[in-house]
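So the structure is just underneath, and the comments pick up after that.
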Amino acid sequence: MIVQETKPIETIREMLKDVKKIFLVGCGDCATVCEAGGPDDLKRMEEALKGEGIEVTGTVIPDTSCHIPDVKSQMKKHAAEVEAADAIGVMSCGAGVQTLGTLYEEMPVFPINNALFLGNTERFGQHVEFCSACGECRIDKLGAICPITRCYKGILNGPCGGVNDGMCEIGNDTPCAWVLAYERLEKQGRLDNLKDTSPPKRWSAHLKPMRHLNPTLKKKMEEKEAKRKAKEAKKAE
Amino acid sequence: MKKTLKEAFEAGEFAITGECGPPKGTEIDQMLHHAEGMLGYVHGINVTDNQSSVMRIGSLPVCRLLKEMGHDPVFQITGRDRNRLAIQSDLLGAEVLGINNVLCLTGDGVQAGDHKDAKPVFDLESVQILRTVEALNGGKDLAGNEMKGSTSLFPGAVVTPESRPIEPQLMKFEKKIKAGAKFFQTQAVYDAENFKDFMKFARQYDVKIMAGLVLLTSAGMANYMNKFVPGVMVPRNLIDRMKEAGKEKAIDTGIDIMCEFINETKDLCDGVHIMAIGKEELVPEIVKRAGLA
C-alpha cells in the first residue's frame, strides 16, 4: 500500500489561494486505509475548505485512483460538478493526482495528500516500510528482510559500525535490518547464507520511469501486431 | 624519516597513525601546523572524509598537501557522498597524486551532519569499495572495462570490536578481508580485555590490526561518546578517573589512560591509530609517553 497523509491545512491554504470552487477526488484503496481519502476524510476536508472560503462542487471516491480507465468512467458521472469547479483536488497518492492531471489537462489539479512510502501495515493505523520496489528482489538469502529498504544506508554486506545494541544509528526505534536478518537466519540454521559478498546493486533494474506489461496483455499485443503484419504482407502480395 | 605505513607493517614495526580532520572553510593553517607537528612521530596520517557528515574540504586534496609535507597520508573514502563512478574516479585520482593508502568506509548517515536534507548516496558500501580498489589495482574498473594504467593502492578498513551484537560485525570483518583489506583501524576501544578477545579472533587472519584510540579530554566527553557514538564504550572506571582528575589534569589523565592501553595491548596488535580529535598537537607527546618514539 502507498502510505500517505493529508497535507497540513497551512500548506493547502497556500496551494489553493487562487481557488474558489473545487471538485474533490478521494481513493477507495490506500488513501482510505490511511484515513486520508475515504468518505469521512473527504467530508472533513470539505468542512476545512469551507472555512477557507472554498466551495466543494462535488466529490467522488474511485475504487483505486491510480486506475486511469476506471477513474475516467467514474468521472463521467460527475461532469457537471467538475464543470462548475475551477480546480480538482485529489486526496490520494501522487499516482492518483496524476491520473486526474492526465484526464483533465485544461484544469489545475492539486495534491491534497503527501505520499510517504510503500508500506506494510503492522496494526490498524501503523505502517512501516519494508519494500522499495527496486526491481530486483534479492532477499532470498537474507531471511526475507530487505536491507535496501530497512537499512538506512541500504547496504548489502552486513551491518555498518553505527549499529547500537541491535538498533540503527538513525534512531526512531528502528532495529538494524542486518541484526534482524542475522537472528532470523540463525533460527533457520542458514547463517552460511551471509558468507557470500554481495556485488553492488544493479540499479538499472529500476530505471525511472518504469513501464510494465502483464504477460497476458503482452501476448495479446504481440498477436495483434503479428496479425497486422500478416495483413500488410498479404496486401503487398 | 619514518617508514611509510606499509613499510612499517612489512618491517614488523609497531605502526602509528594520527588523524587530521579537514576544516570547514579554506583556512587550513592550523590543520597543517598540527600535521607538521606529527612529522617523525607517525607512519601515516588519516584524512577524514566529511567526518560526521559535516561538509568540509575534501580528503583527497588535503592528503596531497600532507604528502608534500612529507607525510604518508591515509585517504579515507566513504560511500555516503559518491556513487560508483565518483568513487573510482577519486581512487584513480589518489593514485596519480601519489596517495597510496586508502581506508574504505561506508560513511555516517547524513542525518548526523550539517546538511540533513542532502540525498545520501551509499551506492557502494565498505566491502564493495574494497572490491573496487581490488579491481582498479588489477587494471580493470568495476564494470570490467580495461583501463589505461592501474592503481597500486594499499586498502584498509575499519572494524568495531565493541559493537553489540558482535557476530554480524565479525562476519562483516571477514568479508572485508575477503574483499582485500590489508589493514584495519578499529573504532575507538577502551576496554583492553574486550580488545584482547577481539584480537584472539582477528589473529586467524593475515591482516594488520591497529587499535583505534580516541583521547579522552573530560568525563563529559566520555559520557557523550557512550551516549551518542555507536560502537564506542568507555568503561565506568575511566569516566570516574577523568572526573577525579578535574579540569586541570584532565588532558594529562586522558593521555595516561591512552598510554596504559597501548602498553597493555602493544604485544597483541600491530599498531595504534591515535585520534586526538581537536588536540592533534598532543600526538607527539602521546607517542613519547607511550614509549613509542
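Residue-by-condition table, conditions (1) open to solvent by 10 Å² or more (accessible area, probe 1.4 Å); (2) on the phi > 0 side of the Ramachandran plot; (3) within 20 Å of the chain's Cα centre (by Cα); (4) within 14 Å of chain A (Cβ to nearest Cβ):
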| site | (1), (2), (3), (4) |
| --- | --- |
| B:168 | no, no, no, yes |
| B:178 | yes, no, yes, yes |
| B:189 | no, no, yes, yes |
| B:199 | no, no, yes, no |
| B:203 | yes, no, yes, no |
| B:216 | no, no, yes, no |
| B:225 | yes, no, yes, yes |
| B:228 | yes, no, yes, yes |
| B:233 | yes, no, yes, yes |
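Can you tell me which condition residue A:171 does not meet? The list is (1) in a loop (DSSP other than H, G, I, E, B); (2) surrounded by fewer than 10 Cβ atoms within 10 Å (Cβ to Cβ); (3) of a type outside the set (Asp, Glu), and all the others hold.
Condition (2) is where residue A:171 drops out.
Just for the stretch B:99-122: of the residues that are in contact with a Ser or Thr (Cβ under 6 Å, 6 or more places away or on another chain) and outside any helix (DSSP H, G or I), which one is most open to solvent (accessible area, probe 1.4 Å)?
Looking at the filtered set, the residue picked out is B:108.
Considering A:174, A:149, which residue is more than 11 Å from chain B (Cβ to nearest Cβ), under 25 Å from residue B:233 (Cα atoms) and either in contact (Cβ under 8 Å) with a residue 12 or more places away in the chain or of a type in the set (Ser, Thr, Tyr) (or both)?
That would be A:174, the only listed residue that is more than 11 Å from chain B (Cβ to nearest Cβ), under 25 Å from residue B:233 (Cα atoms) and either in contact (Cβ under 8 Å) with a residue 12 or more places away in the chain or of a type in the set (Ser, Thr, Tyr) (or both).
I'd like the full set of residues that are of a type in the set (A, V, I, L, M) and over 30 Å from residue A:180 (Cα atoms), limited to the stretch A:194-237. Walk me through it before giving the result.
Within the stretch A:194-237, the subset of a type in the set (A, V, I, L, M) is A:194, A:205, A:207, A:210, A:213, A:217, A:221, A:226, A:230, A:233, A:236.
Correct list: A:210, A:213, A:217, A:221, A:226, A:230, A:233, A:236.
Any idea which of (1) assigned to a helix (DSSP H, G or I); (2) within 20 Å of residue B:41 (Cα to Cα); (3) touching a strand residue (DSSP E or B) at 6+ places or on another chain (Cβ under 9 Å) is the one residue B:281 doesn't satisfy?
So residue B:281 meets the others, but not (3).
How many residues does the stretch A:139-150 contain that are crowded, with 16+ Cβ neighbours inside 10 Å and part of a loop (DSSP other than H, G, I, E, B)? Full working, then the answer.
Start the filter on the stretch A:139-150 by keeping residues that are crowded, with 16+ Cβ neighbours inside 10 Å, which leaves A:139, A:142-143, A:145-150.
Cutting the leftovers down to part of a loop (DSSP other than H, G, I, E, B) gives us A:142-143, A:145-146.
Within the stretch A:139-150, residues that are crowded, with 16+ Cβ neighbours inside 10 Å and part of a loop (DSSP other than H, G, I, E, B) number 4.
If the requirement is being among the charged types (D, E, K, R) and within 18 Å of the chain's Cα centre (by Cα), which of these qualifies: B:27, B:19, B:36?
Numbers: B:27 fails: within 18 Å of the chain's Cα centre (by Cα); B:36 fails: within 18 Å of the chain's Cα centre (by Cα).
When all the criteria are applied, what remains is B:19.
Quick check on this structure: which one of A:194, A:156 is under 25 Å from residue B:178 (Cβ atoms), buried (at least 22 other Cβ atoms within 10 Å of the Cβ), at the interface with chain B (Cβ under 7 Å from one of its Cβ atoms) and not β-branched (Val, Ile, Thr)?
A:194
I'm trying to understand the selection: among the residues of the stretch A:181-213, which are aliphatic (A, V, I, L, M) and more than 20 Å from residue B:127 (Cα to Cα)?
Correct list: A:185, A:205, A:207, A:210, A:213.
The rows are residues; the columns are (1) closer than 15 Å to residue A:111 by Cβ; (2) among the small types (Gly, Ala, Ser).
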| site | (1), (2) |
| --- | --- |
| A:31 | yes, yes |
| A:55 | no, no |
| A:66 | yes, no |
| A:88 | yes, no |
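What number of residues within the stretch B:97-129 satisfy the criterion of being at the interface with chain A (Cβ under 7 Å from one of its Cβ atoms) and closer than 8 Å to residue B:78 by Cα?
2
Which of the residues that make up the stretch B:130-163 are surrounded by fewer than 15 Cβ atoms within 10 Å (Cβ to Cβ) and either within 11 Å of chain A (Cβ to nearest Cβ) or among the hydroxyl-bearing types (Ser, Thr, Tyr) (or both)?
B:143, B:152
Mind listing whichever residues of the stretch B:258-282 are buried (at least 21 other Cβ atoms within 10 Å of the Cβ) and either closer than 24 Å to residue B:196 by Cα or touching an Asp or Glu at 6+ places or on another chain (Cβ under 7 Å) (or both)?
B:258, B:262, B:269, B:271, B:272, B:273, B:274, B:275, B:276
For the condition closer than 25 Å to residue B:179 by Cβ, at pLDDT below 95 and in a helix (DSSP H, G or I), what is the one hit in A:181, A:233, A:205?
Values: A:181 fails: at pLDDT below 95; A:233 fails: closer than 25 Å to residue B:179 by Cβ.
Being closer than 25 Å to residue B:179 by Cβ, at pLDDT below 95 and in a helix (DSSP H, G or I) holds for just one of A:181, A:233, A:205, which is A:205.
Just one of (1) without any contact (Cβ under 8 Å) to a residue 12 or more places away in the chain; (2) of a type outside the set (Val, Ile, Thr); (3) open to solvent by 20 Å² or more (accessible area, probe 1.4 Å) trips up residue A:162, so point out which.
If we test residue A:162 against (1) without any contact (Cβ under 8 Å) to a residue 12 or more places away in the chain; (2) of a type outside the set (Val, Ile, Thr); (3) open to solvent by 20 Å² or more (accessible area, probe 1.4 Å), just (3) comes out false.
The values are calculated or read from the model by the stated rules, or taken from the named source; none is laboratory data. What you see is a predicted model; the values in this text were computed from it and never measured. Ideal geometry is used to build each Cβ from the backbone, glycine not excepted, and the neighbour counts take in all protein chains shown. For the accessible areas, the whole protein counts, side chains as well, though only heavy atoms, and no ligand, DNA or RNA atoms are used. Shrake-Rupley method; radii C 1.70, N 1.55, O 1.52, S 1.80 Å.
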